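Below is one structure, written out as structure tokens; comments come after it.
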Amino acid sequence: MQKLSHQQAQAISSIGAWLKDKQQPYITLGGYAGTGKTTVVSALRKILSDNQPEMKLAFCAYTGKATQVLKKHLNQHKTLSRKDTVSTLHGLMYYSNSKVDQPVSWRKKDKLNYDLVIVDEASMLSEDLWLDLLSFNIPVIAVGDHGQLPPINSSFNLMAEPELRLEQIFRQSVDSPIIKLATQARIHGSIDVGDYSHQVQKLNRADAETSDKVEQILSSYNSSSNLVLCGYNHTRHKLNKYIRKLKDFDSEDPQVGDVIVCLRNSRESGLSNGQVGTIRAIAKADNDPKNAWWYISADFDGTSFEGYAPREQFHSLTTMSRLPKRKKTDLIGLFDFGYALTVHKAQGSQANKVLVFEERFSQMDDEQWCRWLYTAVTRAEEELYIVGN
């Protein structure tokens with residue numbers, strides 16, 4: 001276990017006092033990239049194991065990918081108890097039916113047999129999921145990054161003002177070029193063109209060499225290890241079209257193997273806004289005289305979807321506000337191609353290699369831009385390429 005910083009030790013002490021007091025149902029812990037949020041969570045679990053070995057914890061996150069990252073970090077610290085579980089938030093709180101020829105549905109469990117729940121990437125939680133979690137009357141620690149963008153299309157932001165804050169970059173992370181650029185983005189909102197390592201670069205969009213580098217990255221795109229990020233939907237649309245061409249898709253219609261992105265939170269399907277998946281089967285919908293629907297089976301990072309999707313949403317620059325009507329029992333998802341994403345849609349996602357096209361909306365103030373750029377940079381785990389001026 002790494003030696004804790006003063007801020008980290010204070011956070012653990014405050015959480016301990018909160019657990020002992022039991023006056024508040026939850027506590028929020030915010031931490032910038034490189035401040036060691038997972039180190040704090042792991043150290044807390046070890047302390048609880050030593051002092052209260054009977055305690056049973058549930059660790060969870062919104063998406064399957066975030067859950068896998070959380071479990072990996074906890075295993076690296078060797079702090080998970082055999083009684084603990086690591087799951088998605090849906091897997092923790094709901095039962096899922098998996099009957100043949102029926103759409104997926106989620107039914108809230110009557111109770112949870114845990115003494116404490118720790119939620120990672122808590123800034124992604126919608127208000128209804130958060131209230132469902134609190135309804136089990138189990139203490140909850142919500143962990144997230146308060147430097148990121150607020151949730152998409154929501155006034156609810158659990159991590160807007162966290163009670164506990166980690167803002168000192170842990171010394172093991174100070175030399176990371178990605179953490180350096182993330183800190184620069186968060187504080188100054190600007191990153192200079194240059195090479196920060198052989199895998200972390202800011203490229204001048206006006207240079208001829210930049211287009212060659214971008215094509216090289218896009219040509220090797222793999223959904224399991226790459227993120228391509230931008231600001232504008234029309235840029236996202238062009239990039240999706242270009243990457244599909246590079247991958248030899250011969251139709252504008254979605255096909256088996258296409259990467260798609262979910263465009264709205266859905267408790268019924270267990271999918272979240274911005275979650276990326278791959279189509280494993282697709283067909284024209286039955287009883288569809290207006291040819292308005294696809295019937296799609298897709299895998300979304302540990303969550304399966306099988307249901308209907310509006311045709312007109314694919315290639316659209318806007319998200320549909322009203323869906324065409326279908327039977328109430330039909331499971332409906334709202335999807336578009338997901339090779340390239342806006343930074344807002346990519347919240348909660350990370351990848352080994354990230355390509356970012358800097359694009360600032362005219363209505364963004366300086367704080368919003370800093371959050372946008374910081375969120376973009378912190379999606380990268382190993383390689384980061386930013387295209388800008």
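The values are calculated or read from the model by the stated rules, or taken from the named source; none is laboratory data. Note that the structure is predicted; figures quoted are calculated from it, not measured. Methodologically, a virtual Cβ is constructed for each residue, glycine included, from the backbone with ideal geometry; neighbour enumeration extends over all protein chains shown. These area figures cover heavy atoms from the full protein model, side chains too; ligands, DNA and RNA do not enter into them. Shrake-Rupley method; radii C 1.70, N 1.55, O 1.52, S 1.80 Å.
What to note about this one:
- Fraction of accessible area attributable to carbon and sulfur, the stretch 284-330 (%, probe 1.4 Å): 45 percent
- Summarising the overall dimensions of the stretch 225-294 from its C-alpha atoms, the Rg and Dmax are 13.9, 40 angstrom.
- Summary value for the stretch 68-189: 17 percent relative contact order, contacts being C-alpha pairs under 8 angstrom separated by 6+ residues.
- Theoretical FRET efficiency, 1/(1+(r/R0)^6), r = Cβ-Cβ of S197 and F361, R0 41 Å, to 0.05: 0.90
- Considering only I138, H77, L48, the residue lying farthest towards the positive end of the dipole of the stretch 37-143 is H77, judged by Cα position with unit charges set on Cβ.
- Accessible carbon and sulfur surface of the stretch 1-59 relative to its total accessible area, %, 1.4 Å: 49 percent
- When each of the peptides 249-257, 42-50, 288-296 is scored by how many other beta carbons lie within 10 Å of its residues on average, the order from highest to lowest is 42-50, 288-296, 249-257.
- Extension gain, Q255 back to N222 (0.36 nm per residue minus Cα-Cα distance, nm): 10.3 nm
- Put the Cα centre of the stretch 61-75 next to the Cα centre of the stretch 149-202 and the gap is 20 Å.
- Theoretical FRET efficiency, 1/(1+(r/R0)^6), r = Cβ-Cβ of N291 and S96, R0 30 Å, to 0.05: 0.45
- Other residues whose C-beta falls under 11 angstrom from the C-beta of R280 contribute a net charge of -3, scoring Lys and Arg +1 and Asp and Glu -1.
- Sorting 192-205, 364-377, 137-150 by average packing, meaning the other beta carbons within 10 Å per residue, from highest down gives 137-150, 364-377, 192-205.
- Among the listed pairs K71/K111; K245/K325; K108/K238; K22/K108; K241/K290; K56/K327, a Cα-Cα separation exceeding 31 Å is found for K245/K325; K108/K238; K56/K327.
- Residue-normalised accessible area of the chain, given per residue in Å² at a 1.4 Å probe: 49 Å²
- Here the relative contact order of the chain, from alpha carbon pairs under 8 Å that lie six or more residues apart, stands at 19 percent.
- Cross-link pairs K37/K72; K213/K353; K3/K345; K20/K65 - those with Cα-Cα distance over 24 Å: K3/K345; K20/K65
- For the stretch 100-162, applying the loop criterion from DSSP together with a ceiling of 16 other beta carbons within 10 Å to the chymotrypsin sites (Phe, Trp or Tyr not before Pro) yields F156.
- Normalised convex hull volume, the chain, alpha-carbon set, Å³ per residue: 146 Å³
- With semi-axes defined as the square roots of five times the eigenvalues of the C-alpha gyration tensor, the equivalent ellipsoid of the stretch 252-346 measures 19, 14, 14 Å, largest first.
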